[in-house]
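Have a look at the structure below before the remarks.
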Amino acid sequence: MAMYIRVKRDRTTYFVQCDPTETILDIKQKLHGLIDQPVTDQRLILVSSGEVLDDSKTMADQKVENDAVVALTLRKDDKEFEDVSILQPDDDFYHSRDGDGASWFGCDKIQVGCKCISLVICGHAAEFGNINIDKHRLYLVLPFG
Amino acid sequence: MKKEDTVKLISAEGFEFVIDKNAAMVSQTIRNMLTSPGSFSETQHGVVRFPEISTPILEKICQYFYWSLQFASGKETEFYIEPELTLELMMAANYLHT
């Protein structure tokens, strides 16, 4: 897989695998398989620049890079295209969870030692030895597999 | 792209992420959900709900799936994680066996 883009509309994000040499029309055809909208009723807009993407040009031509966010707008009943609409979850919802980490995660216990931090989550213990601390924040390094 | 080859992951706030099945299978937990025998609704409809995973975290996880596929095919780039997402992401990764 060479690259992917994130095509967003309202509350939905489609991850679409593609190649820099593919045209925007190719992408629209892929989307056609997921949403029942003909390619002529789809419009793609590169969010970082606000540019409407041209069917005949390739991804590379229009500087659509890996992991780029592209907005999808649709035309319904032969009318005008709708405006770009990408919804975000309510910010308050997210921030309110920031303060009380332990209870939020369903974490039973947090223990802070000088060399490691151990968490007990749903009865399972996990230990993180790789920790960075700067002035206000503490970073735990993820044991990604 | 065919609908049958994708799965829809739904976050706590009801946001939807449509990703390729092979990307979702990077997660052992999702792989089990999608491939287990029997007629689970997840297997049939290709929709998995995560009422405990918030939208930014689920998006980051999906990005990680694709990054992981790219990495496996030899494209070695860094995977950036915003510091404020780390702890929550770690919990989700643990749950998803990713």
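How high is the relative contact order of region B:26-98, given as a whole-number percent (alpha carbon pairs under 8 Å, six or more residues apart)?
Answer for region B:26-98 is 49 percent.
Stokes-Einstein D for region B:3-96 at 20 °C, 1.002 mPa s, Kirkwood Rh over Cα pairs, in µm²/s?
Details: Rh = 13.8 Å.
In µm²/s, the coefficient is 156.
Suppose each label sits 7 Å from its Cα in the direction of the beta carbon; what would the A:T21-B:Y95 distance come out to in nanometres?
In this crude label model, A:T21 to B:Y95 measures out at 4.2 nm.
Mind listing which GluC sites (Glu not before Pro) in region A:1-100 are in a DSSP loop and have 15 or fewer other Cβ atoms within 10 Å?
A:E65, A:E80, A:E82
Roughly how big is the B-A contact, given as buried accessible area in Å² (both sides, 1.4 Å probe, nearest 100)?
When B and A are taken together, about 3500 Å² of accessible area is lost.
Applying 1/(1 + (r/R0)^6) with R0 = 30 Å to the Cβ-Cβ distance of B:E78 and A:K76, what FRET efficiency is obtained, to the nearest 0.05? Provide the component values of the computation, followed by the final result.
On the way: r = 41 Å, r/R0 = 1.37.
Step by step, r from the Cβ atoms, then E = 0.15.
Could I have the simple spin-label model distance between A:A60 and A:V39, label points 7 Å from Cα toward Cβ, reported in nm to one decimal?
A separation of 2.0 nm, rounded to one decimal place.
Would you mind telling me the share, in percent, of accessible area of region B:3-96 contributed by carbon and sulfur at probe 1.4 angstrom?
Looking at region B:3-96 in its full context, I get 51 percent from C and S.
Give the accessible surface of region A:3-69 per residue, rounded to a whole number of Å², with probe radius 1.4 Å and ligands, DNA and RNA excluded. If you can, show how the numbers build up before the last one.
Values: 3040 Å² over 67 residues.
For region A:3-69, the per-residue accessible area is 45 Å².
Within region B:55-83, which residues have the backbone N less than 15 Å from the label spot 7 Å out from A:S48 along Cα→beta-carbon, could you tell me?
B:78, B:80
Over 25 Å between Cα atoms, which of A:K8/A:K76; B:K3/B:K60; A:K63/B:K21; A:K76/B:K3; A:K30/A:K76; A:K8/B:K8 qualify?
A:K63/B:K21
Where in region A:14-92 are there trypsin sites (Lys or Arg not before Pro) that are in a DSSP coil and have at most 12 other Cβ atoms within 10 angstrom of their Cβ? Numbers along the way, then the final one.
Working: sites: A:K28, A:K30, A:R43, A:K57, A:K63, A:R75, A:K76, A:K79; in loops: A:K57, A:K63, A:K76, A:K79.
Passing sites in region A:14-92 are A:K63, A:K76, A:K79.
Please give the contour-minus-distance gain from A:S118 to A:I86: 0.36 nm per residue of separation, less the Cα-Cα distance, rounded to one decimal in nm.
Value of the extension gain: 7.7 nm.
What number comes out for the charge environment of A:D54, summing +1 per Lys or Arg and -1 per Asp or Glu over other residues with Cβ under 14 Å away?
Net local charge, A:D54 excluded: -1.
On a 1.4 Å probe surface of the protein chains, which of B:S54, A:S48, B:S68 comes out largest in accessible area, and what is the full order?
So, going from the largest accessible area down, we get A:S48, B:S68, B:S54.
Residues with amide H under 5 Å of B:T6's amide H, sequence separation 5 or more or different chain, H placed in the peptide plane at 1.01 Å from N; which?
Sorted by chain and number, the residues that satisfy this are B:K21.
List the residue ranges in chain B for DSSP H helices whose C-alpha atoms run 18 angstrom or more along the long axis and whose Kyte-Doolittle average is -1.0 or above. Walk me through the numbers before you get to the answer.
Details: long enough: B:55-72 (26 Å, 0.31).
Those that pass (Cα extent of 18 Å or more, hydropathy at least -1.0) are B:55-72.
The values are calculated or read from the model by the stated rules, or taken from the named source; none is laboratory data. Only a predicted model underlies this, so the values are computations on that prediction, with no experimental measurement involved. Quick reminder, even Gly has a Cβ in these numbers, built from the backbone with ideal geometry, and neighbours come from all protein chains shown. Remember, those area values only see protein heavy atoms, side chains included, never the ligands or the DNA or RNA. Shrake-Rupley method; radii C 1.70, N 1.55, O 1.52, S 1.80 Å.
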